[in-house]
Amino acid sequence: MTKILLMGNPNVGKSAVFSRLTGVKAIVSNYAGTTVSYTRGQMKLGADTAEVIDVPGTYTLEPTSQAEEIALKMLAEGDIVVNVVNATNLERNLYLTLQLLEKDIPVVIALNIWDDTKHLGIDIDVEKLQQRLGVPVIPTVAVTGQGIKELVEAIPRAASPRLPHTSSDKRWAAVGSIVEEVQRIRHRHHTWRERLADASVRPITGGITALVVLAASFIVVRFISEGLINYVLDPLFNNLWAPVLLKLSPLMGGEGFLHNIVIGKLIGGEIDFVQSFGLLTSGLYVPLAMVLPYVISFYLVLGMMEDTGYLPRLAVLMDNVMHRLGLHGYAIIPTLLGLGCNVPAILGTRILESKRERFITATLISIAVPCAALQAMIIGLVGERGIQYVIMVFGTLFLVWIILGFILNHTVKGFSPELLIEIPPYRLPPWRTVLQKLWMRTYGFLVEAIPIILGAVVVINVLYYFGVFDAIANFTAPVVTGLLGLPKEAVTAIVIGFLRKDVALGMLAPLALTSGQLVVGSVVLAMFFPCIATFVVLLRELGVVRMLKAAGIMIVAALAVGGILNLIL
Amino acid sequence: MDKELTTLVQMERGQRGTVLQLKGGRGLVNRLNALGILPGKKITKVSAMLMRGPVTIEVDRAQIAIGFGMAKKIIVKAD
């Protein structure tokens, strides 16, 4: 099958071109042996089907980062390159183009973001550019789909001029002369969007912008997820699914080993979707009706923040603070991802350059950044006792993140490199790419989480049946009751936390804890061992030694913070 | 030092200038070049964060945020 590579600088709308070419069916894969991920899909090319690969964004083929190294390797495996070029910044984009034209591979150019050239006062002579480069150049607006048909028609005409290999100075000079010839710039006034953009990287206005954006995100996430829960999922489970289970229950004898695994315990003769703890009750309700809504709404908002171009601004704004934690501003991005799920967040630490930064970021995420699933459970369970307790839990975790980061920065050897990033202009997010990304992430959550949750429910019921938890509870009782002030049954929840934290928190529900105990329990659960999936990626990303270090820090920090909270509350 | 020669850090917000020299190792120079920052380029300083925070500049209509330490190494001839 013909392999078509989409290549270009970061922030040129490559993903939007990709989703226009391929439609919604796309797969995210990791490049063999690495965690650099890329997206691939298929498109019709004449009578044949071709594979389309969205190569990670690259500024140059002389690699300056791991993503660029991978891009170079992928280039060697492709058949045709669609070079996506930002029409509003030819000067920089054409450098990569000239490098591509030196290679022995046919190239066609999508001159994307074409619509913006007009109000930016940029005139580009496409015909002349085509002549100078010797390959087809098609103006496109991927967000609206303009020019995509012409681009597809031009793919068979892709050409390889095989320019002589040259030095970077000569290449920049060549770029200069081409731009000089094909581009005219008219003077014009700043638009409101640019003024807004500049304001968001200044200290005071930027800080205000960040607060507004983050507060708005929080409100939108809660609005969407609670809407889904209250008006769609709860009615479905309570009105349609519960009656089915109540019919099934007597058929299975109403109690006993099998009944407990499949349906769980009836609470007062009724199904309680949180406490019954069977496969068909809590096993389905927790992931689908308590957690999924938060996952969907969180990833929707995050996707919009990514595609409007806000995240890099947040990185610039946070750079100062993050440096105190031994990180640079960019580490805020995996950290925010961690609020969705710790697994992609820890994979996302790959964008950081040094091992030290990756270690600190990953450790902080797995200890102090609760995933959407856990947050949903905290809001659901602790929230019943009053909003102040929810604030206590999240406030403690935030403090732990800051203090632990500060400590790690002063104890982990090495230094952290500095920030150097491009800040794309604000754009209206293209709905297609936002929805495509939302779908891929949600699907990823479902296939990853549901089997583990169902497995966890079975394991817990079996172990419970054989009294294993009682044994562990008795053994660890001094620590749990003495230090943390929790009943010894809470041990079960902490052990289960290793499988799924959301499920584990649910297990605190039937223990009749005081509000203070519930806060301690939630914080300890959040900070203690991450769930098994996070554990696996931690191991893969950090290696055994660093992972054990991270785990040691976790245990000490969780017990210390839990103990202190117990004394205060 | 010539009065007009300055670094990105010392420039005023909104001031324009031309990049003269990148005083760094090969690695840093390569990374800056890849982002379109090279001698002879016209730049405008957009903003700087407080307390040795990153400096944001505009070059060829693209905005780049540069850490304080790196920004000190970029020598500019102010307009």
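Below, the figures for the structure above:
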{"item": "The range A:311-568 shape via C-alpha gyration tensor axes, a/c threshold 1.5", "result": "prolate"}
{"item": "Whole-Hz ³J(HN,Hα) from phi, Karplus 6.51 cos²θ - 1.76 cosθ + 1.60, for the range A:120-130, glycine and proline x", "result": "8, x, 10, 10, 10, 7, 4, 4, 5, 4, 4"}
{"item": "Degrees, to the nearest 10: A:387-411 long Cα axis against longest axis of chain A", "result": "60 degrees"}
{"item": "Sequence-separation-based contact order of chain A, relative, with Cα cut under 8 Å and 6+ spacing, percent", "result": "11 percent"}
{"item": "Segment A:ILE185-A:ILE564, length gained on full extension (0.36 nm per residue, minus Cα span)", "result": "130.1 nm"}
{"item": "Cα pair count fraction exceeding 37 Å, expressed as % - chain A", "result": "40 percent"}
{"item": "Anchor B:LYS45: lysines whose Cα lies under 22 Å away (excluding residues fewer than 8 positions away in-chain)", "result": "B:LYS3, B:LYS23, B:LYS72, B:LYS73, B:LYS77"}
{"item": "3J(HN,Hα) from dihedral phi, the range A:160-172, Karplus parametrisation 6.51/-1.76/1.60, rounded to Hz, x for glycine, proline", "result": "10, x, 6, 4, x, 5, 9, 7, 5, 4, 5, 5, 4"}
{"item": "Amide H within-cut-off set for A:GLN146, under 5 Å, with H built and near neighbours excluded", "result": "A:VAL141"}
{"item": "Where N is the number of residues in the range A:56-98, Cα Rg divided by 2.2 N^0.38 Å", "result": "1.16"}
{"item": "Cα-based shape type of the range A:197-348, given that a ≥ b ≥ c are square roots of the gyration tensor eigenvalues and the cut on a/c is 1.5", "result": "prolate"}
{"item": "Efficiency of FRET from Cβ geometry, B:LEU20 and A:ILE532, R₀ 60 Å, rounded to 0.05", "result": "0.65"}
{"item": "Entries of A:LYS355/A:LYS413; A:LYS128/A:LYS149; A:LYS355/A:LYS437 with Cα pairs more than 18 Å apart", "result": "A:LYS128/A:LYS149; A:LYS355/A:LYS437"}
{"item": "Note, ³J(HN,Hα) from phi for the range A:554-569, Karplus 6.51, -1.76, 1.60, rounded to Hz, x at Gly and Pro", "result": "4, 5, 4, 5, 5, 5, 4, 5, x, x, 4, 4, 4, 5, 6, 7"}
{"item": "Crossing angle, helix A:292-308 versus chain A [Cα axis fit, 0-90 degrees, rounded to tens]", "result": "20 degrees"}
{"item": "Length-normalised contact order of the range A:73-112 in % [C-alpha pairs under 8 Å, at least 6 apart]", "result": "58 percent"}
{"item": "Cα→Cβ-extended label distance, 7 Å offset, between A:GLU255 and A:THR476, nm", "result": "2.9 nm"}
{"item": "Under-5 Å amide H pairs with B:VAL46, H placed in peptide plane, nonlocal only", "result": "B:GLY14, B:THR56, B:ILE57, B:GLU58"}
{"item": "Value of relative contact order over the range B:5-78, rounded to a whole percent, pairs C-alpha under 8 Å and six or more apart", "result": "45 percent"}
{"item": "Placed amide H near A:LEU45: partners under 5 Å, 5+ positions off or other chain", "result": "A:ALA50"}
{"item": "Reciprocal mean inverse distance between Cα atoms of the range A:338-388 - Kirkwood radius, Å", "result": "12.0 Å"}
{"item": "Gyration tensor (alpha-carbon) shape descriptor, the range B:5-78, a/c threshold 1.5", "result": "rounded"}
{"item": "Unit charges at the beta carbon, dipole of the protein assembly as shown: most positive-side option, A:LEU284, B:VAL46, A:GLY326", "result": "B:VAL46"}
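Computed from the coordinates by the stated procedures, all read-outs in this text should not be read as laboratory data. The model shown is predicted, which means the values in this text are computed figures rather than measured ones. Note that each Cβ is placed from the backbone with ideal geometry, even for glycine, and that neighbours are counted across all protein chains shown.
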